[in-house]
Structure formats: C-alpha cells, structure tokens
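Read through the structure below, which is laid out as structure tokens, and then see the notes.
The values are calculated or read from the model by the stated rules, or taken from the named source; none is laboratory data. Values in this document were obtained by computation on a predicted structure and should not be read as measured data. Neighbour counts run over all protein chains shown; Cβ positions are idealised from the backbone, glycine included. Accessible surface is based on the protein model in full, side chains and every heavy atom, while ligands, DNA and RNA are left aside. Shrake-Rupley method; radii C 1.70, N 1.55, O 1.52, S 1.80 Å.
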Amino acid sequence: MRTSRPAALAACLAVTAAIFTATLPSAAAVPDPVAAPTAVAVSPPVAESGNVRIDGSRIVLGDAPAAIGATEIKQRSGLAEFTPVHFAAATSAVVVGYTSSTPDGSAADVSVRSWVDNRWSEWTTAAAGTPTALPGASDQVQLRVILTAPPTGGSPSVADLTVQPTDKVAAPQMSVQAAPLTSHVFATREGLVGGTTANGHVIVSRDHFVALPSRRGLSGNGSGTYSVKVCTASRCAFEPVWDVGPWNTKDDYWNPSATREMWKDLPQGKPEAQAAYQNGYNGGKDQFGRTVANPAGIDLADGVFWDALKLADNSFVDVTYLWTGDGGRGTVSISSGYLNVRNAPNSTGAVVGMAGKSAQVTVECQTTGETVTGSQGTTNIWLRVNAGMYVAKAWVSAGTFGAC
C-alpha cells in the first residue's frame, strides 16, 4: 500500500494556435518559398491543464510541490493541453517548433495528436523542428506539453510553440482493430488519496480512474478520451486513464512492437514489468533501473479496486484499451463519482460493476427498461456494455444503437 501525498497542481492555462493557410504559387513563375503562419496566442485556462504558468512566450512548470505518482518516483510535474489547430487541408505530418530549457535533471516533453477516423490518436512526442508523422492524414491536430523536474532545483520550460503542416514525411497506416486490444495483466491498487495524478486530478477517497505506464494514453484532467474496461470473472469497470505508471512511463504495451515506444522486442499486450518480474527481462529492472517487485501493468484507484471490481488483493485482470479499436461507444456524463453497472435494465438489478466520471463505455446494443432521469434527459433506454451488464442511457452521452 502506498502512502498519501500532498495535493498539487493548481495553475491552469491553454494556448490557442492559429489556423494555418498557405498561398499557392503561380504556375508562370517560381516564387520565393512562402512559410505558413505559425503565430500562437495565449487563451483562457482550460481544465485539462495544471501546474504550469505563462511567462511571456514561455510555458513554465508551476510551484506545486513534488509528489509521488503511480510510478512511485517523487517529482514535480505540470501538464498543458492546447486548443486544437485546424488546417486548410489534411496533412500527413506536422513540424512542431519550440525551444526548451531543462535545468537540473528536469524534462520537457512536447507531443502531438491528430483527429483521424472520428477519434483522437495517441500522443506522439514531437522533436523541435523535425517532421512528425501523423497516424493518418488529418486537418486537425492538438499539442500538449508535460514538464517534470526533481523535488528541488530549477523549473523546466517550453517557449515559442508553433505548428505547421508538412508533406516531408509519409504518414504510417493507422492500425485500428475490429475490436480493441484486451490483455491479461496484473493490477495493483494505487491509493494515494489526497495526492495528484499525472494529469492534475486530485485523488479523492474511493476514486475512479486507472494508471497505465505510458503518457501516450494519458487523458486530460476530466476527460475520458483514453479509457479502459477492466474485468474480473464476474464484474467490470469502465474508467478513464488519469495517471502514469506503474513502474514505467514509456511502456505503451498495448501497441504493436513496431510502434511501441520502448521494449519493441516484447509481444503486444505484455507489460515490461511483467516480463522483468517473470522472465528476468532487462535484468529484472524497469526503465529507471529499479528491481521490479511485481508484474503490474495497471494501477487501479481505490473505488475501482474495492468497489467496482470487489478485489481483496492485487491480482490479474482482463484490460481492454478502448481507443485501440472500433465499436459502439458512449461517455459517462456525471458530475462526480461513478455510474452503477447492473445485471438487468432497471435500478433493482444487481450491481456488477461501475463506470467512472467521463469514462467511455462499450455499447453492444440497447434495450428498454426502467425509465430514468439523468444528465441526458428522461428515457427508458438502457445500454448493454458487456454480456449481462447494463447502464441507464439517461447518464450516458451516446447515439442510437441496434436492439438487443
């Protein structure tokens, strides 16, 4: 069991990038190159950002104290997500421009994602001034900055953020499975009540979220863009990914080896910590050189661990990474807490799981049942989210689905 940490991450910001347009050259002459506009404007704060501040053109790590996250590494951290940028036409790659300062062992990660096939792709680190391939041609991208630093010392910063389309890199084919990947991984309880997650969420008692060991699938604070379904033999939980860990921070093990950020020789679906613990992979150590003490591939907040799944101890579970495949989806629309998942389409059905705030849920079909009034109005429609499991559509933002 981990101990609590101080609440942190107070300041918020957002940056709105301008729409980029380019003037086509005349066929009769060879004009000088025309650069696409790259102006960046500071906009009002957004909820997805935390513990960063603006100093002129710089985004600087804020003053919140160091905390221990799901990786159990004590550090100061801040995250800023910026308003999506729309281009005049789809592009296969972008060039992100910026300068960074990383004193005293600190780090600054600038990432980009794109809107492809009506969904956001995962985040991809973008090196300054170097074309970054998008997972598919897109006319909309979004930037994110994550700043981390040791408990004491200087604060990292990123300045002069710009983005522009380019055709210098061919985009890789986006691999979207007919069904999202599911893997059997070891789950541990995160705890840390009163602490702050990697996206700035302050952890409350019996909270509902999970941690995965890569920032590529980290949702913004209050967002469920990246959500998972976690199941035991009899119960399921639908939860947003709001923290990074356990053990590693660059182990997107749900991705194919070709696109996995690290540990490319491991099979898809197998966490590095599990390989290290069970097979002595990487000398039995994580990316930070620590001896791996358990094979954990996911951390569960207390409400997920104790209430949704009724776990008594750390154990193996089946995890589905919902953004990795197609299928019906809905978003839990509640102000706090969780939504009960029941074994029948009515409020007297036994609770067989839970869905956290902002989490995405799979939708297999819809049926009629008890009339319920919620954030989406009054309706007798219930959504089947797993075999024998239902949620009231009155609390889920979703379209219309076929009858069960």
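What the table below lists for this structure:
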item: MRE, 222 nm, helices only [DSSP H, n ≥ 4, -39500 (n - 2.57), over the chain, to nearest 500]; result: -500 deg cm²/dmol
item: Environment charge at T367 (Cβ cut-off 13 Å; Lys +1, Arg +1, Asp -1, Glu -1); result: +1
item: Per-peptide average of other Cβ atoms within 10 Å, ordering 325-332, 396-403, 222-229, 259-266 highest first; result: 222-229, 325-332, 259-266, 396-403
item: Set of aspartates and glutamates near K264 by C-alpha distance (under 14 Å), chain-local residues within fewer than 8 positions excluded; result: D251, D252, E272
item: Total formal charge among the other residues, if their Cβ is under 14 angstrom from that of W395, Lys/Arg +1 and Asp/Glu -1; result: +2
item: Extension gain, A128 back to K250 (0.36 nm per residue minus Cα-Cα distance, nm); result: 42.0 nm
item: The stretch 215-263 and the stretch 289-313: distance between their alpha carbon centers, rounded to Å; result: 13
item: Choice from A273, A233, A344 showing the highest fluctuation, given a GNM over the chain with Cα pairs closer than 10 Å; result: A233
item: Rounded to whole Hz, the Karplus (6.51, -1.76, 1.60) HN-Hα couplings of the stretch 369-384, x for glycine and proline; result: x, 5, 6, 10, 10, x, 5, 9, x, 10, 7, 9, 7, 10, 9, 8
item: Net charge, G303 excluded, C-beta distance under 10 Å - Lys, Arg +1, Asp, Glu -1; result: -3
item: Listed pairs K74/K285; K250/K270; K74/K357; K250/K357 exceeding 21 Å between Cα atoms; result: K74/K357; K250/K357
item: Relative contact order (%) - the chain, alpha-carbon pairs under 8 angstrom, separation at least six; result: 15
item: Among V145, S375, S49 - extreme Cα towards positive end, dipole of the chain, charges at beta-carbon; result: S375
item: Rounded accessible area per residue of the stretch 233-279, 1.4 Å, Å²; result: 34
item: Projected label distance in nm at N380 and C404, using a 7 Å step from Cα toward the beta-carbon; result: 1.5
item: Spin-label model distance (nm) - T259 vs C365, 7 Å beyond Cα toward Cβ; result: 3.1
item: Phi-based couplings in Hz for the stretch 92-108 (Karplus 6.51, -1.76, 1.60; Gly and Pro marked x); result: 8, 7, 9, 10, 9, x, 5, 10, 9, 10, 10, x, 6, x, 7, 8, 9
item: Rounded to the nearest 20 debye, dipole of the chain from Cβ charges on Lys, Arg, Asp, Glu; result: 500
item: Prolate/oblate/rounded label for the stretch 235-330 (Cα gyration tensor, a/c 1.5); result: oblate
item: Probe 1.4 Å - accessible area at C404, Å² to nearest ten; result: 80
item: Cα→Cβ-extended label distance, 7 Å offset, between T348 and N118, nm; result: 3.7
item: The stretch 77-213 shape via C-alpha gyration tensor axes, a/c threshold 1.5; result: oblate
item: Accessible surface of the chain [probe 1.4 Å, protein heavy atoms]: carbon and sulfur percent; result: 53
item: Rounded accessible area per residue of the stretch 53-163, 1.4 Å, Å²; result: 37
item: Rel. contact order, % - alpha carbon contacts under 8 angstrom, at least six apart, the stretch 90-227; result: 28
